[in-house]
Amino acid sequence: MKALYIKKGRLSFRKDYPEPKLKADEALVKVNLAGICSTDLELVKGYANFEGIPGHEFVGEVVKVKNSKDKKLIGRRVVSNINLGCGECEYCNVGIKEHCLNGKALGIIKKDGIFAEYVSLPVANIYTLTESVTDRQAVFVEPLAAALRISEVVKIPLKGKVAVLGPGRLGILISQVLSLTGVRLTLLGRIKESLNLPKKLGLGVGLIQDFKDKTFDLIVDATGSEGGLTNALRLIKPLGTIVVKSTYQGEVKLNFSKLVVDEITIIGSRCGPFLPAIELLAAGKIRTEELIEAEYPLKEGIKAFEHAARPGVKKILLKFL
Ligand SMILES: [Zn+2]
Ligand SMILES: [Zn+2]
């Protein structure tokens, strides 16, 4: 099958990649449409030392299942949770496969992803879609779920001031999700032009440099770069909370004393719940169409990656039909 492939930080297009073999409780999914996210771009830079097929944001159709009890899935349009649990460790035992100690993550850790014609997935990870969610919406289910995770790890201070750093693809989704709570929210960027789209979507926006130190009670860092955390530390109020959404290759240098003196809490947050994400999209509560920049066929995947890496670019999709 055709697939994009990463080895030693080099992305290539392959025509001869073997189709995945189904294990028990798995389904074979034909990918229809996929999104390139910042994590994919980081994988090419060496993040997670990944070798294999990248990609985890997608919508596809089930074409084959291993167990006859799963036959009803055939022909259904689906999305998939990206975390594959071992089913045996202390986290899997309590249903938190996101933190499986032997975990695999689709297109990120020890498991081929979805920038390929076919992918094998555990049936337990699959969510079926109704007609009310289009393919172009469905590619946003995974990042939207990640945005929804924030209010699971931290209490949103409804009377306080909240900022999201990074007016990129994820930052805009997060801002839309948090705005649904009714909280006063400002999406912050460094460059004026980067705020045009969020402003058009009705979000409160501002330039990072225009805000005084210690302004916000809660800050979400969705910048995807280490500078985000430095800015967040400057802007956070004493006793405030910073939620970190960025994953990147490399380490970050921090003023740790500030953290101690102002008693700041820093919380990491990664993957989130799929069902509420699907429901929000079906209800038309999250705008996604404006977040799409361009669509490329799979065979132009390398060009698509280059496009996605340009600063200020919105979501780049890969189309498989
Ligand atoms: Zn992603
Ligand atoms: Zn496990």
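What follows is calculated from the coordinates using simple rules that are stated; it is not laboratory data. Not measured: the values here are computed from a predicted model. Because the Cβ atoms are built from the backbone with ideal geometry, glycine has one as well, and the counts that use them run over all protein chains shown.
Enter the angle in degrees (range 0 to 90, nearest 10) between the Cα long axis of helix 169-179 and the first principal axis of the Cα atoms of the chain, meaning the one along which they spread out most.
The two axes meet at around 70 degrees.
So which aspartates and glutamates can K159 reach, going by Cα to Cα under 17 Å and dropping same-chain residues fewer than 8 places off?
D217
For the chain, give the magnitude of the charge dipole about the Cα centre (Cβ charges: +1 Lys/Arg, -1 Asp/Glu; no others), in debye to the nearest 20.
280 debye
Quick check on the chain: take the gyration tensor over C-alpha atoms, sort the square-rooted eigenvalues as a ≥ b ≥ c, and tell me if it's rounded (a/c under 1.5), prolate or oblate.
Prolate.
Please state the charge dipole magnitude for the stretch 82-121, taken about the Cα centre, from unit charges on C-beta atoms (+1 on K and R, -1 on D and E), reported in debye and rounded to the nearest 20.
Dipole size: approximately 60 debye.
Tell me which residues come under 5 Å, amide H to amide H, from L318 once H is placed; ignore anything under 5 positions away on its chain.
Amide H neighbours of L318: A34, G35, I36, Y296.
Determine the shape class of the stretch 195-261: with a ≥ b ≥ c the square roots of the Cα gyration tensor eigenvalues, call it rounded for a/c under 1.5, and otherwise prolate if a/b is greater than b/c, oblate otherwise.
Note, shape of the stretch 195-261 comes out oblate.
Straight-line reach from K212: which lysines have a Cα under 17 Å away, not including same-chain ones fewer than 8 places off?
Leaving aside lysines fewer than 8 places away in the same chain, those within reach of K212 are K161, K237, K258.
Would you list, by chain and number, the lysines whose Cα falls below 16 Å from the Cα of K110, excluding same-chain residues fewer than 8 positions away?
Candidates past the 8-residue exclusion: K7, K8, K21, K23, K97.
Relative contact order for the stretch 238-285 using alpha-carbon pairs under 8 Å, separation at least 6, rounded to a whole percent?
In percent, rounded to a whole number, it is 48.
Could you state the angle between the C-alpha long axis of helix 226-235 and the longest principal axis of the C-alpha atoms of the chain, as a value from 0 to 90 degrees rounded to the nearest 10?
Approximately 30 degrees, to the nearest 10.
Net charge within 11 Å of N81 by Cβ-Cβ distance, Lys/Arg positive one each and Asp/Glu negative one each, not counting N81 itself?
Result for the neighbourhood of N81: -1.
Quick check: residue separation of K155 and E306 times 0.36 nm, minus the Cα distance between them. What number comes out in nm?
Using 0.36 nm per residue and subtracting the Cα-Cα distance, I get 50.6 nm.
Could you tell me the calculated FRET efficiency between C86 and R14, based on Cβ-Cβ distance and R0 = 41 angstrom, to the nearest 0.05?
0.90
Rounded, prolate or oblate: which fits the stretch 1-157 when a ≥ b ≥ c are the square roots of the eigenvalues of the alpha-carbon gyration tensor, with rounded for a/c under 1.5 and prolate only if a/b beats b/c?
Verdict is rounded for the stretch 1-157.
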